[in-house]
Each structure stands twice: as structure tokens, then as C-alpha cells.
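The values are calculated or read from the model by the stated rules, or taken from the named source; none is laboratory data. Predicted model only: the values in this text are computed from it and were never measured. Counting neighbours? That spans all protein chains shown, and the Cβs are built from the backbone with ideal geometry, glycine included. We work out accessible area using only protein heavy atoms, side chains counted, and drop any ligands, DNA or RNA first. Shrake-Rupley method; radii C 1.70, N 1.55, O 1.52, S 1.80 Å.
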Amino acid sequence: MPLHVPSAPAPALRSVLAALGSPSAVREAPVSALRAHQGPLSPDHPLPVHVWDDINRAGSSPHTRLAGWRFLVRGGERAVATAEAMLTADGWTFARFCGGPYVAATERALAQAEALTTPYQPRLLSVPELYMLTLWLHHDLDSDGAEGLPAPGDLLVPLAPAPPGIAAHRPQRVADLLPRLTLRLAPTPLLREPA
């Protein structure tokens, strides 16, 4: 079933296109695969990036905030980097190019999601407290991508590298994964020495 990819705000896309069109921005990027690529580069798969930074509140429902938009940067047939745009007081602006394992992991998770029988809207969900990034497959196909909260039936696909004890690239319902994530953040009880 095809994914329903939301449209990025036009100014966010323009800021990324301007950065990709700037030889100095690409040449100075901290991503070797991007600097080394010969040929045209293009943004692909715009994904809203939501941050879930209250996960340690026991019993609370998930609350997220939109942090920006991330685009896979294609160089030929594969993604060589990501480009991020963020909202500032002056509007959408290019933030940075990124490389590393999350580039290939995002591409892999999107391919996994395309193979599912249920349609979803893809997003990225960052969980800073666990140093974790997931592909969030949201049930509301008509949403603009900037709004909405993780619903119990939405799927999360942890990207590799995932935190210890969390299986990367294994889609899980929010209702099933949430207790495991909050358990990972629970303080360890102090052991007492026998008297």
C-alpha cells in the first residue's frame, strides 16, 4: 500500500533546494558521502520531524512537537544524506545536512512501510531521552504532517541503531512500545546491603 507522504511547507523545500544548489554549502557539509558525490542531488521523501520529550512522565499520553522537516538527499539511486529545515522567527530555513546510519535506516524503514497492507502517513519521531529515532506511521492520512499525536494503533519503526533492548526495524504499535520505552527510563531501585 503506498504511503501518503505529506507535503512539506514550500519555504522549507525552497531552503533545502537552495542549500543543495550552493556548491559551498555542499562542499562544507560534514557528510563525506554528500561531498564526494558526483552529479545532481535532489531532495526526496519530505518527513516532518516530531520530538517526544516527555516520555518519562509515567501514565501520560504521548505529546509531541514539530521540530522541522527532513528530506532524504538522493544522489542517483540512493540516499547519500539528509537535509533538514527548521522553523525560525523569520520562517523556514535550512538547518543542516546529516549523514550516518540513520540515512540508510530511514530509507530501509520507508521501504518496509511501503510493503504494509494498511496505508499510513510517514513521519519521524525523535525520542531524545533514549537517543532514539523512529519512523512513525500515523493513521490520519489527511493530516498536514505538522499536527497530531501518536495514537495507540499507530506504528513505530525504530531505526538502527536502536537503544539496547529495542529491536530496530521491527514495526510495533505505539500502545505496545510505549510501556517498554518508559520502563527503560524508570530509575533503578537502590539495593540495600543486609544488616
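If ALA8 satisfies every condition in (1) closer than 25 Å to LEU116 by Cβ; (2) exposed (fewer than 13 other Cβ atoms within 10 Å of the Cβ) but one, which is the exception? That leaves (2) as the condition not met. Residue pairs whose Cβ atoms lie under 6 Å apart, sitting 6 or more positions apart in sequence or on different chains, and linking a residue in segment 1-19 that is among the aromatic types (Phe, Trp, Tyr) to a partner that is in a helix (DSSP H, G or I) and surrounded by fewer than 15 Cβ atoms within 10 Å (Cβ to Cβ), do not occur here.
Would it be correct to say that HIS63 is open to solvent by less than 70 Å² (accessible area, probe 1.4 Å) and either in a loop (DSSP other than H, G, I, E, B) or at pLDDT below 95 (or both)? Criteria not met by HIS63. Taking (1) closer than 19 Å to TYR102 by Cα; (2) open to solvent by less than 30 Å² (accessible area, probe 1.4 Å); (3) without any contact (Cβ under 8 Å) to a residue 40 or more places away in the chain in turn, TRP69 satisfies each apart from (3).
Taken over segment 81-95, the criterion of being crowded, with 16+ Cβ neighbours inside 10 Å and not polar (S, T, N, Q) is satisfied by ALA81, ALA83, GLU84, ALA85, MET86, LEU87, TRP92, PHE94, ALA95. Which numbered condition trips up PRO150, out of (1) in a loop (DSSP other than H, G, I, E, B); (2) surrounded by fewer than 18 Cβ atoms within 10 Å (Cβ to Cβ)? The single condition PRO150 does not satisfy is (2).
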